[in-house]
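Student: Handing you this structure, nothing more for now.
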Amino acid sequence: MMKTRVQCHSAHLTALFVAVSVLFALPARAEVRKPTGAAALEKQLEGLRVVGSVLMIAAHPDDENTALLAYCAQGRKYRTAYLSLTRGEGGQNLIGSEQGDLLGVIRTQELLAARRVDGAEQFFSRAIDFGFSKTAKETLEKWGREQVLSDVVWVIRRYRPDVIFLRFSGTPRDGHGHHQSSSILGKEAFKLAADPTAFPEQLKYVQPWQAKRIMWNGFSFNRQQEQEMDKMPDRLMVDTGEFDPVLGLSYGELAGISRSQHRSQGMGSPERKGAAPNYLFLYGGDPAKQDFMDGVDTSWNRLPGGAAVQKALDEALAAYSMESPEKVIAPLLKARKLIAAIDQPDARRKLSDLDEALAMAAGLWLEVSAAKAEATPGSSVTLNLTAVSRGHAKVELEGVKAGDAVSFAGAALAYNQPHTAKADWQVPETAPLTQPLQLRKQRTGNLYTIADQRKIGLAEDEPVLTAKFRVKIEGESIELSRPVENRYVDRVRGELARPLIIVPPVSLKLSETALLFAERKARPVTVEVVARHPNQSGSVSLQAPAGWQVEPAENPFQLAEAGQMVTVTFQVTPPAATARAEIRASARIGNLAIANGMTQLTYDHIPIQTIFPAAKTPVVRVDAKVSAKRVGYVMGAGDEVPAALKELGCEVTFLEAGDLAHGDLSRFDAIVTGVRAWNVREDLRTSHERLRQYMEAGGTVVVQYNILDGTFLSTEQGTVKNMGPFPIKLGRDRTTVEEAPVQFLKPDDRLLQIPNTITPADFDGWVQERALYFPSEWDPKYTPLLETHDPGEAVQKGGLLYARVGKGAYVFTCYSWFRQLPAGVPGAYRIFANLVSAGR
C-alpha cells in the first residue's frame with residue numbers, strides 16, 4: 001500500500017511523546033480536557049492540509065474497526081466517521097442494570113468517548129437495536145427498510161465521504177441480522193446517494209453525492225473464513241499497526257484505548273504493537289490497485305482556488321515551532337482569507353478547523369460557565385465569562401454572546417491575565433427539558449422519531465446554551481464556539497465539568513420495576529416528589545386504566561428547598577382477573593402539569609447523562625405464590641431481579657465475598673446468582689464448594705444466564721466451568737423470537753407445579769427474546785423441563801435444567817428473567833417463584 005510519512009520535527013519529539021502519551025493514558029471522559037498542547041496543534045496543522053474523507057458503516061457500538069478509524073483519522077489525516085445504525089439498546093449491560101433506552105444512552109456516549117480517542121466522528125440512524133436477530137429479512141422488516149436506508153443515504157450526502165468502508169459482508173457469515181443489514185443498506189445507499197430521484201426531500205439541505213468506491217473491511221471468525229478471504233481477488237492491505245511518533249503510539253495502541261471505552265459491553269482491549277494488516281475488498285465504484293484512495297485527490301487542489309490554500313498551509317506547518325506557536329498565525333490568517341472565498345462544504349468545514357488552530361496557536365482559553373448545573377424554565381442562571389490569552393499574539397475579545405439573550409462586552413486581552421465578567425441568563429418559560437435527542441418523542445415501532453431532517457444522523461443535539469466568542473487575532477476576526485457548562489471541584493477528582501441542563505420544577509419517581517398484586521386487595525403505591533427549584537407546592541395524582549382503582553384522587557405536596565423530597569401514598573386496588581397494565585403519576589403546580597421522572601447516569605468514562613422518562617411503572621395482577629421467604633442474591637453485572645423477588649414477598653439479602661466465604665448460608669431458603677454473576681464475581685467462583693454443601697443441606701441455588709469466555713465463537717468455558725454441581729457446557733444459541741412456542745418436557749415435574757401450576761399462558765406477553773446462551777451439553781443428572789427454538793432451527797432443551805443435590809435443589813435457567821420481570825410479564829413471576837421454591 002502507499003504509505004504516508006508522518007511529519008515530526010526532531011527537536012520536539014521527546015516533549016511531544018511525553019505530552020501525548022500522558023494524555024492517552026487518561027480515561028476518555030467528559031472531565032478530560034481536549035488536548036491543546038504542542039502535539040495537538042501540530043496534528044491540527046497537518047490535518048488542515050488534507051481534504052479527503054472516509055465513512056465506516058456497521059450496526060452497533062463496538063462493531064467499528066477502531067484501528068482503521070485511528071489510522072485514517074490520525075495517520076492519513078482524513079476526516080473520518082463511523083455510522084452505527086443503532087445505539088446498542090438491545091444488548092446486555094456489564095456495568096449496571098440499565099436496559100433498553102438507558103443502555104442506548106450509555107452506549108452512545110461510549111462511542112463518543114471512543115471517537116475522542118481515535119479522532120473520528122460519530123453518526124447514528126434512527127434504527128433501534130431490538131435484540132439479536134438471525135436474519136437480515138427480519139431486521140429490515142422490523143426496522144422499516146426504506147426509513148433506515150433513507151438515513152444512510154442522508155449521512156452519505158451530508159458527510160460526502162470519498163471512500164466508504166463496510167464492516168460486514170451482507171451475508172449470513174456476519175452472524176447477526178443487524179450486521180448483514182448494515183452492509184446491505186450501505187451498498188444500496190452508495191448508489192442512491194448520487195441519485196437525485198432517491199429521497200428528493202433531502203435535497204432541500206444537501207446535494208447528491210457519489211463516493212469514489214465502497215469497500216468491505218474483511219474480517220474472519222475462524223480459519224475457514226480466513227481461507228475464503230485469502231482466495232478473494234484484488235484485495236488491498238492496510239497496515240493499521242504503524243507507529244505515530246507525534247502521538248508516541250501506534251494506531252493499534254490507540255485502537256485498544258478507543259475500544260476499551262465500550263465498558264458496558266466488557267470490551268477492554270489490548271494496546272497492540274507492531275504490524276497489523278487489514279484487508280479491503282471492492283464492493284462498488286472504481287477499482288483501487290495500490291491504495292483505497294486511488295484516484296482521489298486529497299489535497300486542496302481538488303477545490304477551486306485550492307492551490308493557493310495548500311501553499312499557505314504548507315507555510316504554516318513549516319513555520320511551526322513548539323516554543324513559539326504564534327509563528328503559525330500569519331500564514332494561517334493568509335490561508336483563512338483564501339478558504340473563506342471558496343463556497344464549498346469541504347472549505348467551510350476546514351475554516352472551522354483553522355479557527356481552532358488559531359486559538360491553539362494564540363494560547364486562548366475561552367469559557368462561559370454556569371453557576372449551577374440545573375435550571376428550570378423561567379429561572380435565572382448566573383453565567384461567568386473567563387478569557388485568557390496565554391500566548392504572545394495580539395488578541396482582542398470583541399464580544400461574546402451566550403444564546404440569543406446574553407451578551408458580554410469585549411476587552412483587550414493582556415498576556416496571561418484572565419478577563420472575567422458575569423451576566424444572568426433568564427431561562428425561557430418554554431425551554432424544553434434536556435432530553436437525549438433520540439428520546440424526545442415517542443418512538444415509532446423500532447425507529448426513533450426525529451422530526452427535523454437536519455438532526456437525523458447526529459449522535460446528540462446541541463448543548464442547552466452555546467457561547468460564541470468574537471475574537472480578533474493579529475487584527476483578523478474569527479468566531480469560536482464553546483458549550484456552556486457547570487464547572488465544580490470534586491474533593492477526590494479535582495476540577496470537573498458537567499453539562500448545563502433544563503429540569504422541571506419537580507420530578508416524580510415511582511417504583512423502578514413492576515409492582516405485583518398477587519391477590520385482589522389494595523396495596524400502597526408511593527410517589528416520590530423531588531423539588532428541582534425552591535418553593536414548589538401542588539398536588540400529585542395517579543392515572544390507572546379501567547379496572548384499577550386509585551385512592552385518593554390526589555395528594556398535596558409542599559417543598560421549600562431545591563433537592564427536598566416528600567413521599568405521597570395512594571392505595572391501588574387491582575382487578576380480579578390476571579392483568580398487566582401501567583400506572584402513571586403526574587403533578588400539577590398552578591396551571592403547569594408535570595409527568596416526568598429524572599434519571600441520571602453517572603459513570604466515570606462518560607459525561608453525566610440526564611433523562612426525563614415518563615413517571616410510570618408496570619403493574620401486574622396475577623396469582624403467584626412463593627414458598628421461599630429468605631433469598632440471598634449474588635449480584636452479577638447488574639439486574640432488577642431482586643426487586644421482583646421483593647414484590648413476590650421474599651426478604652432479599654445481597655451476598656458479598658465474606659458472606660459467600662464464611663457467612664451462614666443456611667438462613668436462606670434460596671440463593672440466586674444474577675446475570676453474568678459467574679463471569680464477573682471471582683468470589684462466587686471460589687465458593688462453588690460451599691454452594692454444593694448448602695444444597696446438600698437442603699438449600700436451593702438458582703443460576704441465571706452467563707456467557708462464554710473469550711472472543712466471538714470461542715467455546716472456552718473458563719469462568720463458568722463450575723457453575724453447577726454437575727457439568728454444564730454453555731453454547732451460544734439463542735431463541736430470539738419472544739413468541740416462540742415453549743413445550744413442557746415434564747409437565748408434572750414439581751418445578752412446574754409447586755407452588756404455582758405453570759401453563760403455556762405463562763409464556764404469553766414476553767419481550768425481546770425467550771432465552772440466550774443455551775447450554776450445548778449437560779450431565780444426565782440434570783432434568784431438562786422446557787424446550788423452545790426459533791422457527792426453522794434446532795430445538796433447545798437446556799434453558800431450564802433441574803437437579804436434586806442431597807436434600808436441596810439446583811436450577812439453571814437461561815430464560816431472560818432479567819427482561820421479563822421488570823417488564824411486568826405476569827407468567828414470569830409465577831415461574832420464577834417456582835424456581836426459588838424448588839427445594840421447599
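Rule-based calculations on the coordinates, nothing more; no lab input. This is a predicted model, so every value here is computed, not measured. Here the Cβ positions follow ideal geometry from the backbone for every residue, glycine too, while neighbour counts run over all protein chains shown.
Student: Taking amide hydrogens as modeled 1.01 Å from N in the peptide plane, which residues meet the under 5 Å criterion relative to Thr80, leaving out close sequence neighbours?
Tutor: Long-range HN contacts for Thr80: Val54, Glu121.
Student: Continuing with the same structure: In which sequence would Ser250, Ser269 go, from the one with the fewest C-beta neighbours within 10 Å to the one with the most?
Tutor: Ser269, Ser250
Student: Compute the Rg to Rh ratio over region 182-253 from the alpha carbon atoms, using the Kirkwood formula for Rh, and round to two decimal places.
Tutor: Rg divided by Rh gives 1.14.
Student: Taking the Cα centre of the chain as origin, sum charge times position over the Cβ atoms of Lys and Arg (+1) and Asp and Glu (-1), and report the length of that vector in debye to the nearest 20.
Tutor: 200
Student: Same structure, new question: Give me the lysines in straight-line cross-link reach of Lys334: C-alpha distance below 17 Å, same-chain residues under 8 apart excluded.
Tutor: Leaving aside lysines fewer than 8 places away in the same chain, those within reach of Lys334 are Lys311, Lys350, Lys394, Lys472.
Student: Give me the percent of DSSP beta bridges within the chain that run antiparallel, rounded to the nearest 5.
Tutor: Restricted to the chain, the bridges split so that about 75 percent are antiparallel.
Student: Per the Kirkwood formula on distinct C-alpha pairs, the Rh of region 755-821 is how many angstrom?
Tutor: 13.3
Student: ³J(HN,Hα) across region 732-740 via Karplus (A = 6.51, B = -1.76, C = 1.60, θ = phi - 60°), whole Hz, x for Gly/Pro?
Tutor: So the J values, rounded to whole Hz, are 10, 6, 9, 10, 9, 7, 5, 9, 4.
Student: Over all alpha-carbon pairs of region 506-620, lay out the pair-distance distribution in 10 Å bins, whole %, shortest bin first.
Tutor: 14, 42, 29, 13, 2
Student: Helix 345-361 against the longest principal axis of the chain: what's the angle in degrees, Cα atoms only, rounded to the nearest 10?
Tutor: 80
Student: May I pose another question? Let me know the volume per residue of the alpha-carbon convex hull for region 624-836, in Å³.
Tutor: 108
Student: Straight distance only, please: which lysines reach the Cα of Lys422 with their own Cα at less than 18 Å, same-chain residues fewer than 8 apart left out?
Tutor: Partners within reach: Lys372, Lys401, Lys468.
Student: Now a separate question. Placing unit charges on C-beta atoms (Lys and Arg positive, Asp and Glu negative, everything else neutral), compute the dipole magnitude of region 28-132 about its Cα centre in debye, rounded to 20.
Tutor: 540
Student: Across region 59-66, in residue order, what do the Karplus-derived ³J(HN,Hα) couplings come to in whole Hz, using 6.51 cos²θ - 1.76 cosθ + 1.60 with θ = phi - 60° and x for Gly and Pro?
Tutor: 9, 9, x, 5, 6, 5, 8, 5
Student: Please report, in debye to the nearest 20, how large the charge dipole of region 306-358 is about its Cα centre when each Lys and Arg carries +1 at its beta carbon and each Asp and Glu carries -1 there.
Tutor: 200
Student: Counting other beta carbons within 10 Å of each Cβ, put Arg157, Arg580, Arg302 in order, fewest first.
Tutor: Exposure proxy ranking, most exposed first: Arg302, Arg580, Arg157.
Student: Order these peptides, 109-122, 403-416, by their mean beta-carbon neighbour count within 10 angstrom, highest first.
Tutor: 109-122, 403-416
Student: Using the reciprocal of the averaged 1/r over all distinct C-alpha pairs, how large is the Kirkwood radius of region 129-230 in Å?
Tutor: 14.5
Student: Treating the angle as unsigned and between 0 and 90°, give the value, to the nearest 10°, between the Cα long axis of helix 826-836 and the longest Cα principal axis of the chain.
Tutor: Tilt relative to the chain: about 70 degrees.
Student: Which aspartates and glutamates, if any, have their Cα less than 20 Å from the Cα of Lys204, not counting same-chain residues under 8 positions apart?
Tutor: Straight-line reach from Lys204, under 20 Å: Glu146, Asp151, Asp195, Asp343, Asp346, Asp452.
Student: Considering every Cα-Cα pair within region 261-370, what fraction, in whole percent, is farther apart than 24 Å?
Tutor: When every Cα pair of region 261-370 is considered, 54 percent fall beyond 24 Å.
Student: I need the peptides 130-142, 816-828 ranked by packing, meaning the mean over residues of other C-beta atoms within 10 angstrom, with the highest value on top.
Tutor: Ranking, from highest mean packing down: 816-828, 130-142.
Student: For a 23 Å ceiling on Cα separation, which of these pairs sit above it: Lys137/Lys212; Lys625/Lys797; Lys142/Lys729; Lys625/Lys729; Lys43/Lys337?
Tutor: Among Lys137/Lys212; Lys625/Lys797; Lys142/Lys729; Lys625/Lys729; Lys43/Lys337, the Cα-Cα distance tops 23 Å for Lys137/Lys212; Lys625/Lys797; Lys142/Lys729; Lys625/Lys729.
Student: Using only Cα atoms, what is the ratio of the radius of gyration of region 306-358 to 2.2 N^0.38 Å?
Tutor: 1.09
Student: Ordered by packing density, taken as the mean number of other Cβ atoms within 10 Å over each peptide's residues, highest first, how do 611-623, 256-268 rank?
Tutor: 256-268, 611-623
Student: Kindly put His179, His662 in sequence by how many other C-beta atoms sit within 10 Å of each C-beta, fewest to most.
Tutor: His662, His179
Student: Expressed as cubic angstrom per residue, what is the convex hull volume of the alpha carbon set of region 423-470?
Tutor: 115
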